[in-house]
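Below is one structure, written out as structure tokens; the observations come after it.
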Amino acid sequence: MSHRQQNRRRWTTAAAGWERHADRFRRNTMPVSMWMVEAIAPQPGHTVLDIGAGIGDTGFLAAELIEPGGTLITSDLVPEMLSAAQRRAERLGIRNVRFRQIDAETIDQPAATIDGVLSRWSYMLMPDPEAALRDTRRVLKPGARVALAAWTAPEDNPWTVLPVLELLDRGYAEPVPPGPGQFFCASEGTIAVNLEAAGFVESEVEAIEFAMRFESVSEYWQVQKDMSLRVRDATAGLRAAEAEDVFAGLTERIAPYTGDGGEVNLPARTWVATGTA
């Protein structure tokens, strides 16, 4: 199975979980989305493209800022994610949005027609992020900006790494092979190099630290199983006793981040970046 097929399977399977936990993820990641939206400076009448939009929340923040007369294009490669985003837009009352299935490496959009592009945690998953950035620059109007996010190193992100470490240590998961994935653009300087190679100028790259908050370890564990295909696959065939042992081990790993009332606050760190076409 090619990387593209694996990626599509992962997000097709995970779409329901992402939709189920959309409100929590939106709250936790708001500092990142706000930075990105401010970076592209959306104005009334603009057309904004959200690439790899998932459940759509980053672009939805821009939608109200481009009214009146503006259009948000929420795009994803996976139809199930687009359907989830469409249901979410309807629930939030967002009407100036169109939904399109788009492959970011070959964007089906005329050149120089977009006033701003958002892509939160998407380019890092693509087989050729530089090619995707080149096509992003092609569709942007001269002087328009892209804003993106990509996770920093695994050790900066216990919110996503700790369950995998527990499963790896117990032999229930395999190490991730090198290549596109959550930490593909984690090394300092990688994003700036990709932006420059794609023809962007005036690039800026910063790091944002924030917290992933959950009411309990149990809630956190359920969210991980719902949203992460890797965790779901690794735990699907476990016997009850094995699953209990995994949860006990994870609880111990998370203890330094667990409050007296059982609430969980796990560190997260991401790069955010912008460049001008």
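The values are calculated or read from the model by the stated rules, or taken from the named source; none is laboratory data. It should be emphasised that the depicted structure is a prediction, and the values quoted were computed from it without experimental measurement. Don't worry about glycine lacking a Cβ; one is built from the backbone with ideal geometry, like all the others, and counts go over all protein chains shown. Just the protein is used for accessible areas: all its heavy atoms, side chains included, with ligands, DNA and RNA removed. Shrake-Rupley method; radii C 1.70, N 1.55, O 1.52, S 1.80 Å.
Data table
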quantity	calculated
Residues of the stretch 186-224 that turn out to be open to solvent by 60 Å² or more (accessible area, probe 1.4 Å) and of a type outside the set (Val, Ile, Thr), as a count	11
Subset of the stretch 34-68 (residues that are closer than 12 Å to ALA149 by Cα and among the polar types (S, T, N, Q))	THR58
Residue within the stretch 239-253 that is touching a Lys or Arg at 6+ places or on another chain (Cβ under 9 Å), among the polar types (S, T, N, Q), open to solvent by 20 Å² or more (accessible area, probe 1.4 Å) and on the phi < 0 side of the Ramachandran plot present	no
Residue under evaluation PHE183, criteria (1) touching a residue at least 60 places away in the same chain (Cβ under 8 Å); (2) surrounded by 14 or more Cβ atoms within 10 Å (Cβ to Cβ), criterion not met	(1)
Filter result (open to solvent by 50 Å² or more (accessible area, probe 1.4 Å), under 20 Å from MET81 (Cα atoms) and not basic (Lys, Arg)) within the stretch 14-39	ALA16, GLU19, ASP23
Residues that are of a type in the set (Val, Ile, Thr) and open to solvent by 20 Å² or more (accessible area, probe 1.4 Å), drawn from the stretch 84-116	ILE94, VAL97, THR106, THR113
Residue tally, condition touching a helix residue (DSSP H, G or I) at 6+ places or on another chain (Cβ under 8 Å), hydrophobic (A, V, I, L, M, F, W, C) and in a helix (DSSP H, G or I), over the stretch 64-95	5
Some residue of the stretch 256-266 being part of a helix (DSSP H, G or I) and either modelled with pLDDT of 95 or more or in contact with an Asp or Glu (Cβ under 6 Å, 6 or more places away or on another chain) (or both)	yes
Pick from the stretch 40-66, criterion among the small types (Gly, Ala, Ser) and buried (at least 20 other Cβ atoms within 10 Å of the Cβ), ranking: farthest from the chain's Cα centre (by Cα)	ALA63
Test for GLU80: is it open to solvent by 10 Å² or more (accessible area, probe 1.4 Å), under 14 Å from TRP18 (Cβ atoms), of a type outside the set (Val, Ile, Thr) and touching a residue at least 60 places away in the same chain (Cβ under 8 Å)	yes
Residue list for the stretch 145-162, filter: open to solvent by 10 Å² or more (accessible area, probe 1.4 Å) and under 17 Å from SER203 (Cα atoms)	ARG145
Test: residue in the stretch 170-179 that is in a helix (DSSP H, G or I) and either open to solvent by 10 Å² or more (accessible area, probe 1.4 Å) or touching a residue at least 60 places away in the same chain (Cβ under 8 Å) (or both)	no
